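Before any comments, here is the structure.
The values are calculated or read from the model by the stated rules, or taken from the named source; none is laboratory data. None of these values were measured; they are calculated from a predicted model. Note that we place each Cβ from the backbone using ideal geometry, even for glycine, and neighbour counts take in every protein chain shown. Surface areas here come from the heavy atoms of the whole protein model, side chains and all, with no ligands, DNA or RNA. Shrake-Rupley method; radii C 1.70, N 1.55, O 1.52, S 1.80 Å.
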Amino acid sequence: MTTTTVLTDAPTFDNRQDFADELIALARTNDKVVAVCNDSVGSSNLTKFRDEFPDRLINVGIAEQNMVGVGAGLANAGLIPFVCAAGPFLTGRSLEQIKADVAYSQHNVILCGMSPGMAYGELGPTHHSVEDFSWLRALPGLDIVVPADGAQTRAAVRNAVADPRPTYIRVGRFKVPHVSEDNVGLERGKFVVAREGSDLTIIATGTEVSRALWAAASLAAEGVSARVLNAAYLSPLDEDAIKDAARQTGAIITAEEANVAGGLGAAVASVVGQLEDGARVPMRILGLKHFAPTGSTAFLLDHFGLTADHISAAAREVLHRD
Amino acid sequence: MLTADASQAAAWRSLRQEVLDGDPATRAAKLHERAQATRRSILKMISDAGQGHIGGDFSVTDILTVLFDAVMDVDPEDPRKEDRDHFILSKGHCAGALYSTLAHTGFFPVSELDTFMAPLSALNGHPNRVKVPGVETNTGPLGHGLPVAVGTAIGAKLLKSGSRVFVVTGDGEMQEGSNWEALMSASHQKLDNLTVIVDRNRLQQGARTEETNGLDPLDARLAAFGMEVRVVDGHNYNDLIEAMSPSTTGSPVAVIANTIKGKGVSFIEDRVEWHHKVPSKEQTLQAFQELS
Ligand SMILES: Cc1ncc(C[n+]2csc(CCOP(=O)(O)OP(=O)(O)O)c2C)c(N)n1
Ligand SMILES: [Mg+2]
């Protein structure tokens, strides 16, 4: 039985380091791997990549629409472009390029949303990337990968090179503990079972996965058995895992560092809501509902009810154990 | 929403009058004193918050000082009056410079600057017009301010309010295509009430502009887009005041303000890493001395 244990004081890491190291390792053996960025060599952790492959880093300057178009052109020419920029500018600014040039044209561009969610804390809503799930889930033919730690970030990069296709990867900067083994793989379109359980299911993504595991551990101490699913892929969506969760456990809670309008919770709800009578379980959807006030990432995760305690409280509420 | 500080606004009004009445040397001296005080506030804000964009704040400080203390017609106690002149800081990462200038003008109490980037503060890392009077539009993503300025200038003409519109962009920011779309419509619409100021410090986040995605010849490019182009030393107060004078050709004005990123502090000036580096305790002390 799967039970991932993450100590509450476990060391935490910035996933951008694993991202950069894996990208460089793959670039050494595959000369089609190139990177594209927007004056973000440092913030996208591409300094070492540039030093080793100066010709294979295309820095277009502060021009994100051009950046995504250039990425599509590179893919069209036969390369495997990793287009790296802070999440909000990559997805928000270039949304139509992502729609027309990447998803609709099916150019195999790997869009890397750096420092997503509320990683930029005090820099505020313009710099938060919390709408990316909603925006990009609406684009058919675009994979959405949300690694929960460094090892999963490496797996996402490996998948992109082994099987290039239009893909968006959230590359986290807010430090998170390891929730998986080194060298773990990610199966396309599958949630990862992080913990088995039978009373309810917590479906969490990215930064929320370790928090969901902490919540499950504290619920276990109260006699509540919580299944934890790590939604490492949002698209394609693991509908089977969602249906099993609804049929086998009594409730579903989702947790995402994203706006709830059209995000993970909405995706899960649209599957659950269409299930047969008797299988439609109650849900709680945890995430953002308004633009963030000023505050650090940790402060804002607390502000929006995205801590382990909030997840446990939602579980008790939905199971009427409060 | 923060509210005005009446006594600060009164002090600003009398200072502004002295600046306008003074001879060029007096004017420059007074504006320099103001700008250095603004830089000291910015330094304290960034040092306390442990975050901020000091390089771009210091390059734009003299421009902001000239606009608010010698050029624009604004009323800190009636920040949204319809016939005001409008100021938009498109390079929103330099919010620290804007907040400090607005506070010294009386739009809100100077003491509020102590909350810069603190939890639930109105003074976010990027300016928010919903919370901070004097902020005309929310910026932060580069390449937004100029289009909004164009719309504001068209609106002022429709309303015949006589308002002028000033917008400051970064030079790296001019790599965004949206700016050039906006310049095309500004000249097409003959917006002689619009002044676009490019803070030409030749540095962007990760490198020099000309090593990243070169802008030169920026003057010729702006002229080709129909602007009345003025090139000026962005730290010379009297030259800046003159450059802000209304259009003489009926076209919108573009001011290329040649500046030094980090202006005023020796170890910050013209160094790319000071885009958003935060000074240590000792560096803060030294910077204070250099700015006093
Ligand atoms: C659309 C967008 N892309 C990227 C960024 C990240 N960014 C913030 S400041 C900056 C550099 C700006 O350089 P410049 O315009 O020259 O400003 P200054 O030198 O005055 O600081 C970058 C790339 C952003 N804020 N918005
Ligand atoms: Mg610059």
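Residues that are away from ligand 2 (no atom under 16 Å from the Cβ), more than 17 Å from the chain's Cα centre (by Cα) and within 14 Å of chain A (Cβ to nearest Cβ): does segment B:66-78 have at least one? The answer is no; no qualifying residue exists. Number of residues in segment B:148-177 that are closer than 21 Å to residue B:224 by Cβ and surrounded by fewer than 19 Cβ atoms within 10 Å (Cβ to Cβ) equals 1. For residue B:77, the criteria (1) open to solvent by 30 Å² or more (accessible area, probe 1.4 Å); (2) more than 16 Å from ligand 1 (Cβ to nearest atom); (3) over 19 Å from residue B:5 (Cα atoms) hold in every case but one, which is (3).
When residue A:62 is tested against (1) part of a loop (DSSP other than H, G, I, E, B); (2) away from ligand 2 (no atom under 16 Å from the Cβ), only condition (2) is not met. Restricting the search to strands (runs of 3 or more DSSP E) fully inside segment A:86-181 and requiring at least 3 residues that are of a type outside the set (D, E, K, R), at negative phi and surrounded by 24 or more Cβ atoms within 10 Å (Cβ to Cβ) gives A:110-114, A:167-171.
Of everything in segment B:225-250 that is part of a loop (DSSP other than H, G, I, E, B) and closer than 24 Å to residue B:270 by Cβ, the residue that is nearest to ligand 1 (Cβ to nearest atom) is B:234. In this structure, does residue A:292 turn out to be over 23 Å from residue A:227 (Cα atoms) and surrounded by 14 or more Cβ atoms within 10 Å (Cβ to Cβ)? Against the criterion (over 23 Å from residue A:227 (Cα atoms) and surrounded by 14 or more Cβ atoms within 10 Å (Cβ to Cβ)), residue A:292 qualifies. The residue that is farthest from residue B:169 (Cα to Cα), counting only those in segment B:188-209 that are among the aliphatic types (A, V, I, L, M) and away from every other protein chain (no Cβ under 14 Å), is B:191.
Taking the criterion of being surrounded by fewer than 24 Cβ atoms within 10 Å (Cβ to Cβ) and away from chain A (no Cβ under 14 Å), the residues of segment B:132-147 that qualify are B:133, B:136. Residue count for segment A:21-36 under the criterion of being outside any helix (DSSP H, G or I), away from every other protein chain (no Cβ under 14 Å) and in contact with a strand residue (DSSP E or B) (Cβ under 8 Å, 6 or more places away or on another chain): the result is 4. When the residues of segment B:181-209 are filtered to those that are open to solvent by 20 Å² or more (accessible area, probe 1.4 Å), assigned to a loop (DSSP other than H, G, I, E, B) and closer than 27 Å to residue B:274 by Cα, the one that is nearest to ligand 1 (Cβ to nearest atom) is B:205. Per the conditions (1) assigned to a helix (DSSP H, G or I); (2) within 16 Å of ligand 2 (Cβ to nearest atom), the sole criterion not satisfied by residue A:39 is (1).
Within segment B:210-224, the set of residues being part of a helix (DSSP H, G or I), under 28 Å from residue A:36 (Cα atoms) and away from chain A (no Cβ under 14 Å) comprises B:221, B:222.
Is one or more of the residues making up segment B:159-180 of a type in the set (Ser, Thr, Tyr), under 14 Å from residue B:60 (Cα atoms) and within 16 Å of ligand 1 (Cβ to nearest atom)?
At the first step, the residues of segment B:159-180 found to be of a type in the set (Ser, Thr, Tyr) are B:161, B:163, B:169, B:178.
Now restrict to residues that are under 14 Å from residue B:60 (Cα atoms): B:169.
Checking which are within 16 Å of ligand 1 (Cβ to nearest atom) leaves us with B:169.
Within segment B:159-180, one or more residues are of a type in the set (Ser, Thr, Tyr), under 14 Å from residue B:60 (Cα atoms) and within 16 Å of ligand 1 (Cβ to nearest atom).
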